[in-house]
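Down below is the structure, laid out as structure tokens.
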Amino acid sequence: MSVSLIVADSCFDGERHRPEQTTIVIRDGRIGEVVAGDLAAQNGATPAELRQADVEVVRTPFAMPGLVEGHCHLFLDGDETDQALRSAHLKQPFEGLLETAWRSLELNVAAGITAIRDAGDVHGVNTRIKAELTAQPGRTPEMRSAGFAIRKAKRYGSFLAREVQGLDDLPQVIRDVAPTADYLKIMLSGIIDFESGTVKGAPQFDVEEAKLIQATAEELGLQTSSHISGLDGLTIAAEAGINSIEHGFFMNREILAVMRDKQIAWIPTFMPVDFQWRYPEYCGWNEATVGELRKILDNHDEHLVAAYEMGVPVICGSDAGSYGSPHGRALIEDLVLMRRAGAPMEAILRSATSLPRATWGLPRADLAVGCEANVLCLAGSPFDAVEHVRSPQAVYHHGWRQLGHGTPGAAVAESRAALLVRN
Ligand SMILES: [Zn+2]
């Protein structure tokens, strides 16, 4: 039997902050015990099996379950900020996109992410990746994927969605995309026009169509998810009971109340908008547009805090792959932005671990007896300073994996030396 002891100065167990020193015992890949104190130092109390030569003791300032990225686009390179190159990227043959997606996957893992939910693409890249991951049990990360999304004919979303005309063909198109979908992704609005601070165009689907989408998806056993910003579209998504609202810029309290009542999840994806506000020179934005961006973000901050207070299920997701949102790092920065907006740290970590797993049928991965071991070690506690989420040291998921903040190299070697101390 292989045994690892993770002795953490403090931890978050998936539900609660445990500010005291805690030992997590991993036996053959599962969590055997979670006890207060330093089990490795308590010689008298150490079980016989823990005195074996192959017991590994890992000391870390902070332990928590591996992160879940709730909204990303593996086939897009979020590090690429040149718009012409981003357009050219989409015209590549399948193999080129697939290569990008595998690289994106590695960046996610290097940030301490052990499960991802991809938002789909028209090329079938995410479907291929998911098939390969599923064929190799023990691969990290676990994956959920939309396969193909759906959009109204000629509207926004050509790179990830199949076209629908209206009520007549909706059920059939949904049945067509269902076999490769873990959930049904709907393009419900266009994108935001940051210069005017509004959403471009009317919602793609009306309430009647949205309700038919929801009913058809339910028949097929699929949850629904909407790409949506702007009050008109938010009202439609909430009324139709779409299972998750993603992005959701221009949110208000009335919509949040409906979301709480129907337990509609919100994935606020701060990063792509925050990037444009923080680095306006990349998009050529003038002062007026920067002001619009700030207004949009202030509204998002305010309603994020309100959502937590009201009991809306908030889930972390960064829209990684989008402009200004590099895979892995974007989720980490989204957590930082959510904390700076005023959301409670414990609630944010739940939104990035146990809640998405429970919502999307991923295996439970709490630091709790019986769960498969899925433990992320950080160089400091996010409860002391949220920025510690930027310093993943190592993750245990199907064995140890050393991390170095997304960039392999000296940092990884260093953290290995500091972290892995054999008994
Ligand atoms: Zn997206």
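Laboratory data are not the source of any read-out in this text; all were calculated from the coordinates shown. Computed from a predicted model, the values in this text were never measured in an experiment. Cβ atoms come from the backbone with ideal geometry, glycine included; neighbour counts cover every protein chain shown.
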For this session: Compute the separation of the alpha-carbon centres of segment 240-296 and segment 77-120 and state it in Å as a whole number.
Result: 22 Å
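Nearest 20 debye, what's the magnitude of the dipole of segment 250-378 about its Cα centre given +1 on Lys and Arg Cβ and -1 on Asp and Glu Cβ?
Its charge dipole is roughly 280 debye.
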For this session: Could you list which residues have their amide H under 5 Å from that of V122, counting only those 5 or more apart in sequence or on another chain, with H placed in the peptide plane?
Result: L160, A161
Exercise. Can you give the calculated 222 nm mean residue ellipticity of the chain, where each DSSP H run of n ≥ 4 adds -39,500 (n - 2.57) and the sum is split over every residue, rounded to the nearest 500 deg cm²/dmol?
Worked result: -10500 deg cm²/dmol
Exercise. Looking at S4, A237, V305, which one has the Cα that reaches farthest to the positive end of the dipole of the chain (charges on Cβ: Lys, Arg +1; Asp, Glu -1)?
Worked result: S4
Seminar exercise, completed: About its Cα centre, the chain carries a charge dipole, from +1 on Lys and Arg Cβ atoms and -1 on Asp and Glu Cβ atoms, whose size in debye to the nearest 20 is 600 debye
For this session: Please give the peptides 297-308, 347-358, 27-38 ranked by average Cβ packing (other Cβ atoms within 10 Å per residue), highest first, as a rough proxy for protection.
Result: 347-358, 297-308, 27-38
Exercise. Can you run phi through the Karplus equation (6.51, -1.76, 1.60; θ = phi - 60°) for segment 58-75 and list ³J(HN,Hα) in whole Hz, with x for Gly and Pro?
Worked result: 10, 9, 8, x, 7, 10, 7, x, x, 6, 10, 8, x, 7, 8, 10, 4, 7
Problem set entry | For E142, distant residues with modelled amide H under 5 Å away | A115, I116
Problem set entry | 18 Å Cα-Cα reach of K200 towards lysines, excluding residues that sit fewer than 8 places from it in its own chain | K152, K154, K295
For this session: For segment 256-295, build the charge dipole from Cβ charges (+1 Lys, Arg; -1 Asp, Glu) around the Cα centre, then report which of F275, L293, A265 sits farthest towards its positive end.
Result: A265
Exercise. If the cut-off is 22 Å between C-alpha atoms, which lysines fall inside it for K262, apart from same-chain ones fewer than 8 positions away?
Worked result: K185, K211
Problem set entry | Ranked Y323, Y282, criterion: other C-beta atoms within 10 Å, fewest first | Y282, Y323
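Going by average Cβ neighbours within 10 Å, how do the peptides 90-103, 360-373 rank, with the highest at the top?
For the peptides 90-103, 360-373, the packing ranking is 360-373, 90-103.
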Problem set entry | Inter-centroid distance (Cα atoms) of segment 298-315 relative to segment 136-184, Å | 28 Å
Seminar exercise, completed: Residue by residue through segment 376-385, the couplings from Karplus 6.51 cos²θ - 1.76 cosθ + 1.60 with θ = phi - 60°, in Hz, x for Gly and Pro, are 9, 9, 10, 6, x, 8, x, 6, 7, 7
